[in-house]
Structure formats: structure tokens, C-alpha cells
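Here is the structure we will look at, set down as C-alpha cells.
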Amino acid sequence: MEAAKSCAPGRSTTAWFDSRRNLFWLHGSAKIGLILAVYMCCFFLPGTVRATRLIDRGSLEINSNNVLTLKALLASGGSTSHQHGVGMKVFHRDAPLLRERKSRQATTLQNTKAVSILKTDMHTQPGLESTTLRRQEDRVGQYYMPLQIGSPGRDILVILDTGSEILWVQCEPCNECGSQIIEPVFDPTLSSTYQPLSCNSQRCLQGGTGFETFCNVSQSLCKYIVQYADNSTSFGDLSVDTLTINSTSGSPTAITGFEFGCGHTNFGIEDDLGASGLLGLDRGNNSFISQISVHFPKVFFYCFPDRINNLNSSGFIHFGRSYDSQHLKYTPLLQNTASDFLSQFYYINVTGININGHLLPIPTAAFAIDASGNGGTILDTGTSLSILVDPAFNVLKEAFLNGTMNLKTLPDPSGNGLDVCYSVSASSSHLPKVPIVEFHLQGEGTKLRLSAENLLMVAAEDQNQLTLCLAMRSGGAVGMGRNVIGNYQQANHIVEVDIEKSRVGLINAHCPME
């Protein structure tokens with residue numbers, strides 16, 4: 001989810017609906033009114049399960065289709081070397097492990113159905129791909145990571161978001177909190193290392209680039225508020241505590257004095273999804289990757305399993321070292337210097353898009369960052385479906401439709417801006433064959449290759465029919481938005497973000513770690 005400190009003139013929030021919680025900031029009286037409204041509702045009253053096994057090493061092999069396959073090496077014992085960093089498993093929010101946990105918690109949230117159907121078509125025509133069909137109802141696709149906070153450590157499960165800055169967690173006493181997959185809600189009074197920040201603390205005075213701080217004068221406490229474009233909000237005390245990162249390769253790594261938001265009022269998409277909170281991973285000074293840089297280099301890599309074939313599997317994320325592989329191809333990590341806020345995001349330079357090897361006639365302006373900082377392309381794990389500005393999306397849409405003329409098209413059943421949809425028999429055992437789409441990036445041979453499971457999603461179903469839609473959205477006119485590569489398209493790729501070397505590495509990969 002891209003956090004946006006100010007709404008760009010003419011920016012279309014509709015185009016960002018599924019890209020979730022674009023952080024936005026209000027100005028003047030509107031901003032003050034929002035803060036006061038949230039603050040006045042917060043007259044707080046006084047007042048598990050172990051995080052899943054973690055992983056931090058892997059080996060790569062090249063299969064017959066020239067796709068990297070990761071084999072987990074679950075080590076045990078020994079001490080963690082900071083030279084090798086730390087890593088852990090990540091889970092899609094619809095993974096059975098998390099759904100089962102929510103069921104045991106007797107939550108009232110609607111769980112996503114994922115029914116596996118046996119693959120019957122093992123043959124792929126040149127330039128086309130088919131894959132096993134796994135049905136799903138929900139289109140919000142977040143990935144979760146386990147951590148511990150406090151002393152003694154309390155397990156939390158947070159959404160990974162490279163498009164925002166602050167880590168916040170739901171905290172007691174709760175004025176408004178969502179049901180969590182891992183209960184109970186964090187109680188700061190039970191942590192011996194918890195400390196709320198005062199109004200005159202340097203951290204409070206400095207504030208953040210991707211969230212707002214202000215003072216509760218009567219309590220002399222520093223408050224934070226973060227709100228996203230879909231009105232999801234977290235509000236509470238800006239605080240510090242010990243954050244513990246576990247690793248199967250050795251001892252846990254404790255980060256003392258970690259700054260985070262202790263959220264007493266939380267509503268919207270994050271708590272609706274059963275998360276304990278959200279982990280901001282952008283380049284801001286208060287982000288997770290920046291705060292742990294006292295222990296590790298500012299580099300991390302991740303690999304998310306897709307939601308079609310591998311919803312039952314975990315992926316992984318690793319902090320503190322590069323993925324040492326000769327197979328990764330690198331593209332420069334750009335920096336949008338139009339503002340401090342925009343400079344936080346992970347921009348990459350898309351040089352073109354092809355379908356089945358044919359370069360599409362997309363103007364270069366569709367991928368450029370203009371003088372005002374508009375445009376460009378960011379990698380964002382908090383956005384589910386990718387977004388392209390109109391000059392790119394419209395050309396891609398036309399070419400994709402031309403490559404799927406054998407399929408029956410339908411209007412968008414959701415009304416949420418999915419422009420290309422198809423009808424498939426409910427008895428189908430695999431996704432229909434579709435063109436292969438490749439995003440070409442600056443750098444020799446660097447590209448993001450999208451196959452069927454990255455391109456089609458189940459938007460609706462009944463007993464007779466499945467509705468499949470192209471898992472991308474229109475982002476509006478050039479100069480009024482930007483391109484975003486979301487986690488649906490990043491799935492089944494190793495993505496390495498190296499802030500110190502200012503580069504992003506990519507390679508198609510088989511990401512599931514059983």
C-alpha cells in the first residue's frame with residue numbers, strides 16, 4: 001500500500017481501491033478536524049499461539065523451465081550471525097494455517113474459500129500458459145510476517161507493506177480493535193520494556209514522513225495517527241519497546257528501543273483481515289528496515305507463493321543480506337527527489353511491456369517521473385493488484401483481449417474497476433491459456449515475467465460459472481497517478497531490495513516453502 005502524505009492534484013482514489021490503504025494526509029482545517037474527531041472518541045477504558053517456525057536460509061536450483069526453485073534448509077541451534085541476517089516465513093492471509101487459527105478463535109470475519117482442483121492439462125502451447133485453478137472469493141491479498149514485541153515477547157502477526165513507514169500494532173486498552181488471528185491484543189502494561197514517548201521527546205518532535213504526530217497536553221504523551229485512502233486508520237501512542245526477530249538459524253535478535261505505534265483505535269482493512277497490525281518497510285527513517293539497520297545492512301529479499309497453486313504454502317522474507325545468486329537480474333533503484341515523502345518509495349524504471357514477445361506501443365511518458373514527482377513505477381507489497389496509468393493499461397488491455405479472443409468476455413461483476421473479465425465453466429480444472437506478459441526493466445535482461453497465475457484472478461463464482469478477471473487496474477491519466485507493481489504480480493519471484501547498493505534484483509522462482 002503506497003502511503004501518500006499528500007494527495008497529488010487530481011489523483012484518483014478510485015483507481016487505488018484495491019491497492020488498499022494509500023496513506024493520505026489532510027491539510028489545514030480538514031486535517032485538524034480529523035485528528036480532533038479521532039481524539040475525542042478515544043476516552044480509553046483501563047484495562048496463543050507461538051508464531052510459526054521461522055526460516056532464514058535457502059538454496060536455488062534451475063528447473064527444466066529455467067525457473068528458480070527454492071529448497072528450504074531449516075537449520076536449528078547455533079547463534080545468529082548478523083553477517084547472514086535473519087529471515088522468517090510469511091503467509092498469505094488466506095492460507096489454511098491462518099484461516100484455521102481464525103476459526104479456532106471463533107471470529108466473525110468471513111473466511112476465504114480455497115478449494116483445490118486437480119490439474120488435468122499438463123501441456124502448454126508456445127507463448128501461452130495454463131495452471132491449476134484454485135478458487136477464491138476475496139481479492140484483498142496481503143502477506144503476513146510473525147514477530148514478537150515487548151518483554152516478555154508477545155507474538156504478533158503483521159502485514160508486510162513496502163509502501164508505508166510506521167510499524168503499528170493493536171494495543172490495550174482498545175477503544176476500537178479488530179479481531180486478531182493471534183490473540184490476545186498486545187497489552188503494554190505487561191511489558192517491562194514498554195515506554196510511551198513524551199511530547200518533548202526528540203522522536204516526537206521529529207515525527208515521521210509517512211505518519212503524523214501531535215501532543216496530548218493533559219497526559220504529556222506523544223500521539224500518532226495514520227490514515228489510508230480507504231479510511232482505514234490507526235491512532236494511539238507513539239512508543240518504544242523491544243522488538244524480537246526470531247530465526248531458525250540461531251538465537252533471536254532483540255531490537256531495543258524500537259519505535260512503533262501502540263494503536264488504541266484501529267479500524268478498516270488491517271483489523272478486518274485479522275492482523276495484529278502493519279509493518280512499514282519503505283525507506284523512511286522510522287521504517288522497520290531503517291530501524292534494524294543498527295544490526296543489519298539495509299537489504300532484504302522475499303518470495304511470495306502465488307494464490308492459485310500454492311495458497312497452502314508459506315513464502316519467506318530475509319533481512320540483512322543479499323540473495324547470493326548469480327541468476328538474479330538487477331535494475332537500478334530510483335529515488336523520486338520531488339519530496340522527502342516520495343523519496344521513501346521503491347521506484348524502478350519500466351522501459352516497456354511485451355505480450356508473447358511483441359513489444360507494445362506504449363509511450364515512454366507512461367513510465368516516467370515528471371518534474372512534480374508524479375508518475376513512475378513503484379514496487380509495493382501492500383498493494384494487491386497492479387496499477388497502470390491509462391496509456392499503458394489501455395494498450396495492454398487491448399493486446400490481452402486480442403490474445404484471448406477464444407474466451408467469453410463479461411462485465412466486471414464486482415464493480416471495482418476490473419476491466420477485462422471472462423466466463424469459465426465452474427467445472428474447469430485449470431485456468432484458460434492466456435498470453436505471457438513481460439515487464440522490461442532498466443538493466444541488461446531484467447524483466448518481470450507474468451504467467452497465468454499472476455494475471456488472472458477469480459472475481460466471482462456460482463454453481464455453473466466462474467468469472468475470471470485480469471488482475472490489474474487502470475491508474476488514470478499520466479500526471480495524475482503512478483504505476484504500481486502489486487504483490488499479486490510479484491508472487492513467484494524472488495525480489496531483492498538493496499537500499500545500500502540502490503538496486504532491485506528479480507528472478508522468476510518457485511516460492512512455496514512447506
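Results, tabulated for the structure shown:
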| read-out | value |
| --- | --- |
| Residues located in the range 350-378, provided they are part of a loop (DSSP other than H, G, I, E, B) and surrounded by fewer than 19 Cβ atoms within 10 Å (Cβ to Cβ) | N356, G357, L360, P361, P363, A368, D370, A371, S372, G373 |
| Hey, Y302 of a type outside the set (V, I, T) and part of a strand (DSSP E or B) or not | yes |
| Meets criteria (small (G, A, S), part of a loop (DSSP other than H, G, I, E, B) and either modelled with pLDDT of 95 or more or under 17 Å from G277 (Cα atoms) (or both)) for G263 | no |
| Residues satisfying the stated conditions in the range 226-255, i.e. crowded, with 21+ Cβ neighbours inside 10 Å, under 20 Å from the mean Cα position of the chain (by Cα) and part of a strand (DSSP E or B) | V226, Q227, Y228, S234, I245 |
| Any hit, the range 346-369, residues being within 26 Å of R503 (Cβ to Cβ), in contact with a Gly (Cβ under 6 Å, 6 or more places away or on another chain), at pLDDT below 90 and not hydrophobic (A, V, I, L, M, F, W, C) | no |
| One residue from S293, S339, S343 being of a type outside the set (A, V, I, L, M), surrounded by fewer than 20 Cβ atoms within 10 Å (Cβ to Cβ) and under 20 Å from the mean Cα position of the chain (by Cα) | S343 |
| Residues satisfying the stated conditions in the range 256-285, i.e. crowded, with 24+ Cβ neighbours inside 10 Å and farther than 18 Å from V185 by Cα | G280, L281, D282, G284 |
| Scope the range 416-431; condition touching a Leu at 6+ places or on another chain (Cβ under 8 Å) and surrounded by fewer than 20 Cβ atoms within 10 Å (Cβ to Cβ); matching residues | D419, S423, S425, A426, S428, S429, H430 |
| Which numbered condition Y347 misses (of (1) closer than 26 Å to F400 by Cβ; (2) touching an Asp or Glu at 6+ places or on another chain (Cβ under 6 Å); (3) not aliphatic (A, V, I, L, M)) | (2) |
| Breaking point among (1) surrounded by fewer than 17 Cβ atoms within 10 Å (Cβ to Cβ); (2) over 28 Å from I166 (Cα atoms), for L396 | (1) |
| Strands (runs of 3 or more DSSP E) within the range 141-195 that include 3 or more residues under 14 Å from the mean Cα position of the chain (by Cα) | 143-149, 154-161 |
| S325 more than 30 Å from V458 (Cα to Cα), hydroxyl-bearing (S, T, Y) and assigned to a loop (DSSP other than H, G, I, E, B) | yes |
| Restricting the range 162-218 to residues that are of a type in the set (F, W, Y) and modelled with pLDDT of 95 or more, the residue that is nearest to V299 (Cα to Cα) | W168 |
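The values are calculated or read from the model by the stated rules, or taken from the named source; none is laboratory data. Note that the coordinates shown come from a computational prediction; the quantities given were computed from them, not determined experimentally. Note: ideal-geometry Cβ built from the backbone for every residue, glycine included; neighbour counts use all protein chains shown.
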